[in-house]
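A short worksheet on the structure shown next.
We did not get these values from a lab; they are worked out from the coordinates using the rules stated. Everything quoted here is computed from the prediction, not taken from an experiment. Cβ placement follows ideal geometry from the backbone for every residue including glycine, while neighbour counts extend to all protein chains displayed.
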Amino acid sequence: MAEMLDKIAQKTSGVLNIAKYKIKLATKQADLDEAYEELGRALFIQISDGTDMDKKIAALVAKADKLNTEIEKIQQEIAILQGKPVCASCGKVNAKSATYCGNCGDDLNEQNKK
Ligand SMILES: [Zn+2]
């Protein structure tokens, strides 16, 4: 009985963690959209009236880069919680049934043995 309750608790916390990561993911994606929008606006100002926006553009590109990396990491965390294989070579999230990585072709079963 205790063992069964333990299993249920584990499953529930897994689902809660996935929900938590999904909220985090949505927030980061909204931040990224905003950075892209600002980037577009900065480019528009620079091109249309010649105002030097290089510093602002560089800062926004760096911000978007960082957000993209964070989003990738969160997607990997979700995949791990969902039991999906994440390629150890390239970081690509693969389908549960995948034997080889859909991105780099690495043998996912071999990776698990290591
Ligand atoms: Zn791969």
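Annotations
- A Förster radius of 30 Å combined with the Cβ-Cβ distance from Ile8 to Ala88 puts the calculated FRET efficiency at roughly 0.45.
- Sorted by Cβ neighbour density within 10 Å, fewest at the top, the residues Met4, Met53: Met4, Met53
- Helix 2-49 axis, angle to the chain major axis (alpha carbon atoms, nearest 10°): 10 degrees
- Annotation for region 1-107: trypsin sites (Lys or Arg not before Pro) lying in DSSP loop with at most 13 further Cβ atoms inside 10 Å of their Cβ are Lys96.
- Value of Rg to Rh for the chain (Rh from inverse mean 1/r over Cα pairs, i.e. Kirkwood): 1.18
- The gain in end-to-end length when the Ser97 to Asp33 segment is fully stretched comes to 19.8 nm, 0.36 nm per residue minus the alpha carbon separation.
- Förster radius 22 Å - calculated FRET efficiency between Gln46 and Glu72 (Cβ-Cβ, nearest 0.05): 0.15
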